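The values are calculated or read from the model by the stated rules, or taken from the named source; none is laboratory data. Everything quoted here is computed from the prediction, not taken from an experiment. Reconstructed Cβ throughout: ideal geometry from the backbone, glycine too, with neighbour counts over all protein chains shown.
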Amino acid sequence: MLQHTPPMGWNTWNTFGLSINEQLILESAKTMIETGLCEAGYNYIVIDDGWQLPQRDENGRLVADPEKFPRGIRALADDLHAMGLKLGIYSCAGHLTCGGYPGSNSYEFEDAETFADWHIDFLKYDYCYKPQREPGDQLYLRMATALANCGRDILLSACSWGADDTALWIKSTGAHCWRSTVDINDSWESICRLAKEQKELQKYNGLGCFNDMDMLVVGMNGQGNVGLGGCSYIQYRTHFSLWAFLGSPLMIGCDIRSMTPETAAILKNRELIAINQDPAYRQPFSIGGSFNFECGDNAESFVWAKLLENGDFAIGCFNFSDSPRNMYFTLSDLSLARFCGRKLVMTDLWTGETCETVDARFMTKVDACDCRVYRAKIVKE
Ligand code: GLA
């Protein structure tokens, strides 16, 4: 299998849109190494839309815009590989990309070959300008087949935004991950919307074809292509925690060259990354309990748990409402028998503090837009 855990990296789109070039890629790659992001697990650099010339060449091949990428893509890929990084690129299942550049429809074999020639490791494959009569499952399968026959391991990151019930067919296409949501933007409203959408789609997640909740907006602070308004660091922390907890790819979208220490601390939280990259990749289950004494509405807050490979539980209490919530669970919510003689010793993955279940129960208060994520050890009482 090409990718046993969700891919991690950096993508140009959220901050730079179509204004990308070789220098940006090289500087960002250097930053990935120097800031320890690469060491923390972020190893893909993905060039999103806007790298192409508006026309194919006389042989029908895609051409990189020589003003943006004067040495071509292969030289860049080789530079990144020498730094221990991998290079991703972008194309589209329709006739045009979302930015209006040539798409790969009907050129799947040629383009897969081109990407292999360029030493590409990852293809983000979009869904704009899709011919109405060609079903999405066929278009993704077609590109996956071309990639599987191009002579190079290239990860296929499907990006059909959950359209046309993607969840129901994507697993048979050969995509390694699939965009389950609409495009994110740098606002708390967008994060809440994707969190709620994902709650229903989580059952379709699984090893081999990960649910992709879209790129991270952590640290954008309202700047750049999708920088609508920005979020507080608490909100960014909750966003990162949820994406990590649910096993989404972790693709950074801010300008890492100028990220603040707060942003770096969120993105490099090793304990959260370990939950995201847990080798067992089990799916979380709801342990329900959240309540608010004042209004009794728990629709926008949830507590989830998942069993990790080493026998610990990851437990996430997420509050997407605009008031503090009491979050609550019992050992029986985790399937443990009431008198099993065990308790949980829980480490808060943001503060490092520990706490325990008492009388087989646990309750904590979580502020508006905040979360608590714990790694819980099962210990004899
Ligand atoms: C779509 C995708 C985005 C980005 C743009 C590029 O909107 O969902 O992630 O790739 O296209 O044009």
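Do any helices (runs of 4 or more DSSP H) entirely within segment 120-221 hold 2 or more residues that are buried (at least 24 other Cβ atoms within 10 Å of the Cβ), and if so, which? Walk me through how you get there before you give the answer.
Numbers: elements: 136-148, 166-169, 188-201.
It comes to 136-148.
Of all the residues that make up segment 236-289, how many are more than 26 Å from L123 (Cβ to Cβ), without any contact (Cβ under 8 Å) to a residue 60 or more places away in the chain and touching a helix residue (DSSP H, G or I) at 6+ places or on another chain (Cβ under 8 Å)?
Matching residues across segment 236-289 total 7.
Given the options G88, G94, G100, name the one that is at positive phi, in the same structural domain as S180 (by TED's automatic domain parsing) and within 16 Å of the ligand (Cβ to nearest atom).
G100
Out of (1) surrounded by fewer than 20 Cβ atoms within 10 Å (Cβ to Cβ); (2) within 23 Å of S248 (Cα to Cα), what's the single condition that is false for H95?
Looking at each condition in turn, H95 falls short on (2).
Residue under question is A274, and the condition is that it be touching a strand residue (DSSP E or B) at 6+ places or on another chain (Cβ under 7 Å) and closer than 20 Å to G9 by Cα; does it hold?
When the stated conditions are applied, A274 does not pass them.
Within segment 121-146, track down each residue that is aliphatic (A, V, I, L, M), away from the ligand (no atom under 16 Å from the Cβ) and in contact with a strand residue (DSSP E or B) (Cβ under 6 Å, 6 or more places away or on another chain).
Kept after step one, since they are aliphatic (A, V, I, L, M), are these residues of segment 121-146: 123, 139, 141, 143-144, 146.
Narrowing further to those that are away from the ligand (no atom under 16 Å from the Cβ): 141, 144, 146.
The one that is aliphatic (A, V, I, L, M), away from the ligand (no atom under 16 Å from the Cβ) and in contact with a strand residue (DSSP E or B) (Cβ under 6 Å, 6 or more places away or on another chain): A144.
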